[in-house]
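Accompanying notes for the structure given below.
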Amino acid sequence: MATCLTGGSLLAAATAAQADPPGIYYSWRAMTTDVNQCLNQAENALESQDLTPVQTDAISMAGQSEDTTAVFVCMDSPGEVTATTVMVIVASADNDQAIALREALKLAF
């Protein structure tokens, strides 16, 4: 948990004929763990927020609710034997809900 960077962005506004694009918010940090442990922690964090698992592969895990999607990505840090970079990405049409979920997932992780 040496570094934690947080950011967010709201995509450009859509025309009246289209639905508003979702807000997409992310956070990442370096950890002294491996990818498998990172994915286990990601699964626990998603479950703690009642997100239904929708996708899992070798380095990522995603979950969603009716109106929100969250993805954890766990990557080996270059040059480090037991270091992993974890990123959580949250998308929702409700910006406040997306930010709150991102923070809850960070705490649950």
Completion exercise
Full extension between D34 and A58 adds, at 0.36 nm per residue less the Cα distance, a length in nm of 7.4 nm
Problem - Simple label model, 7 Å out from Cα along Cβ direction - E47 to S77, nm - result: 2.7
Problem - Accessible surface, 1.4 Å probe, highest first, among residues M87, M31 - result: M87, M31
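The values are calculated or read from the model by the stated rules, or taken from the named source; none is laboratory data. The model shown is predicted, which means the values in this text are computed figures rather than measured ones. With ideal geometry, Cβ positions are generated from the backbone for all residues, glycine too; neighbour counts draw on all protein chains shown. Heavy atoms of the whole protein, side chains included, go into the accessibility calculation; ligands, DNA and RNA do not. Shrake-Rupley method; radii C 1.70, N 1.55, O 1.52, S 1.80 Å.
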